[in-house]
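Since the structure comes first, as structure tokens, the remarks are kept for the end.
The values are calculated or read from the model by the stated rules, or taken from the named source; none is laboratory data. Keep in mind that this is a model prediction, so the values were computed, not measured. Methodologically, a virtual Cβ is constructed for each residue, glycine included, from the backbone with ideal geometry; neighbour enumeration extends over all protein chains shown.
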Amino acid sequence: MGETRRQGSYIAQAWLVILLALLYGGALAGVQSVLSDKIAENKKRETYDVIPLLVKGADKEKTVELVIEGKDGKPARVYKIMGGDGGHEGWVVSGDGQGFADRIEVLIGLDAQVSAITGLYVLAQKETPGLGDYITGENFRGGFEGRSADAPLVAVKADPQAANEIRALTGATISSESVCSIVNGTLENLRDSLSSEAAAAAGVEPNLPEPAE
């Protein structure tokens, strides 16, 4: 009789643990859903706030949101940046990738022809305080402005000698390389689609590379 009671007690406790786990999991999923929506909303608001910093002459109120397809076959939201006179001033695209400590998210400003980088902004990062988190600073981000959007960027420890070199942060080479890699990958993935959109806006035929045979 005693053994039967103990078994019944164990079973009841097991079901209680399962029930509590299900309740906790459901509550956690609900909280994450609410938070993820809030985080996405905050990032979008921040994106609009920094558009004038990423593309000169931008009127953020006239921004046009587009969804294009990257080389990876996935849809990507991009921002077509318009000026106060209604002219097309450039683009802002987002990219993300693994940093030293966690994922890094960036916003990349481009000119209307998708030929040059006009600015860089770090939207989210959890790099090492006092080292890797300096990727958010103007001294580092400013190094991307004016760089060609066609040549892959390289982080170097010494003063840049080539047009595609970016000065890496002291003690945070991996974080610096990660940002360069994110920018390179994002532009490689979206360049052709953006160029087609830019050509269509200008009323000319896009100058895209010939497909490999």
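Numerical summary
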read-out	value
Subset of region 95-122 that is assigned to a loop (DSSP other than H, G, I, E, B) and of a type outside the set (Gly, Ala, Ser) - its residue that is farthest from the chain's Cα centre (by Cα)	113
Pairs where the first residue, in region 136-154, is more than 15 Å from residue 114 (Cβ to Cβ) and touching a residue at least 24 places away in the same chain (Cβ under 8 Å) and the second is in a strand (DSSP E or B) and of a type in the set (Lys, Arg), C-beta under 6 Å, 6+ apart	143/167
Test: residue 201 is part of a helix (DSSP H, G or I), modelled with pLDDT under 95 and surrounded by fewer than 18 Cβ atoms within 10 Å (Cβ to Cβ)	yes
Selection count, region 136-176, where residues are in contact with a strand residue (DSSP E or B) (Cβ under 9 Å, 6 or more places away or on another chain), among the polar types (S, T, N, Q) and not in a helix (DSSP H, G or I)	2
Qualifying residue in region 78-94 (condition: part of a loop (DSSP other than H, G, I, E, B) and either polar (S, T, N, Q) or under 17 Å from the mean Cα position of the chain (by Cα) (or both))	no
Filter result (over 30 Å from residue 129 (Cα atoms), touching a residue at least 60 places away in the same chain (Cβ under 8 Å) and in contact with an Asp or Glu (Cβ under 7 Å, 6 or more places away or on another chain)) within region 176-201	189, 193
Selection status of residue 127, among the charged types (D, E, K, R), touching a Gly at 6+ places or on another chain (Cβ under 6 Å), in a loop (DSSP other than H, G, I, E, B) and crowded, with 16+ Cβ neighbours inside 10 Å	yes
Selection count, region 29-63, where residues are β-branched (Val, Ile, Thr), at pLDDT 90 or above and part of a helix (DSSP H, G or I)	3
Leading residue by the ranking (farthest from the chain's Cα centre (by Cα)) among those in region 177-191 that are among the aliphatic types (A, V, I, L, M) and either under 17 Å from residue 142 (Cα atoms) or buried (at least 23 other Cβ atoms within 10 Å of the Cβ) (or both)	190
Any hit, region 95-108, residues being basic (Lys, Arg) and either crowded, with 21+ Cβ neighbours inside 10 Å or under 16 Å from residue 187 (Cβ atoms) (or both)	no
Qualifying residues in region 53-82 (those that are charged (D, E, K, R) and under 16 Å from residue 198 (Cα atoms)) - the one surrounded by the fewest Cβ atoms within 10 Å (Cβ to Cβ)	65
